[in-house]
Amino acid sequence: MKCPKCGAPMESSTCDYCGYTPQTNPTVSNSTGGKTAAAVVTQIFVNTQSAPTQASISPKSRWAALAICYFLGVFGGHYFYVGRTGKGILYLFTGGLFCIGWLIDLVCIAIGKFTDSNNLPLKK
Ligand SMILES: [Zn+2]
């Protein structure tokens, strides 16, 4: 191996003539390369995966909500199920808004317009 600075043959990692020491490439590229790879991976996950799917759909099932609404809707059961406790208590004391709100909610859940406490549509 020859010294890239003065061209003299190098016996060890440091040149005996000019004192040149080559930059230790493995450590430099490992630390920076590892970071960028991780950054790229996290960026891909943020851009494609978590943002559109996780945030826009409720983990609560629409069919479970529909069944609960059908049997316990006049007591606000479906509102308690999706975490909208305030509306659930209102339904509990008014008999599902005198059954009118209950009927509207049954239709809303069936056509997918019903949302949970985070205002997200229920999953299918
Ligand atoms: Zn040298």
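The values are calculated or read from the model by the stated rules, or taken from the named source; none is laboratory data. On a predicted model such as this, the values are computed, not experimentally measured, just so you know. When we count neighbours, we look across all protein chains shown, and the Cβ atoms used for this are built from the backbone with ideal geometry, even at glycine. Accessible surface is based on the protein model in full, side chains and every heavy atom, while ligands, DNA and RNA are left aside. Shrake-Rupley method; radii C 1.70, N 1.55, O 1.52, S 1.80 Å.
Would you kindly calculate the mean projected area, averaged across all directions, of the convex hull enclosing the Cα atoms of the range 58-123, in square nanometres?
3.4 nm²
Considering only the other residues whose Cβ falls under 14 Å of the Cβ of Gly101, what net charge follows from Lys and Arg at +1 and Asp and Glu at -1?
Surrounding charge for Gly101 is +2.
Counting only heavy atoms of protein chains, what accessible area per residue, in Å², does the range 58-123 have with a probe of 1.4 Å?
Dividing the accessible area of the range 58-123 by its residue count gives 56 Å².
Of the heavy-atom accessible surface of the range 58-123 (probe 1.4 angstrom), what whole percent is carbon and sulfur?
Of all accessible area on the range 58-123, carbon and sulfur atoms account for 73 percent.
Sort the following peptides by mean Cβ neighbour count (other Cβ atoms within 10 Å, averaged over residues), highest first: 86-97, 10-21, 63-74.
Packing proxy ranking, top to bottom: 63-74, 86-97, 10-21.
Under a cut-off of 16 Å between alpha-carbon atoms, report the aspartates and glutamates in cross-link reach of Lys60, not counting same-chain residues fewer than 8 places apart.
By straight Cα distance, Lys60 reaches Asp105, Asp116.
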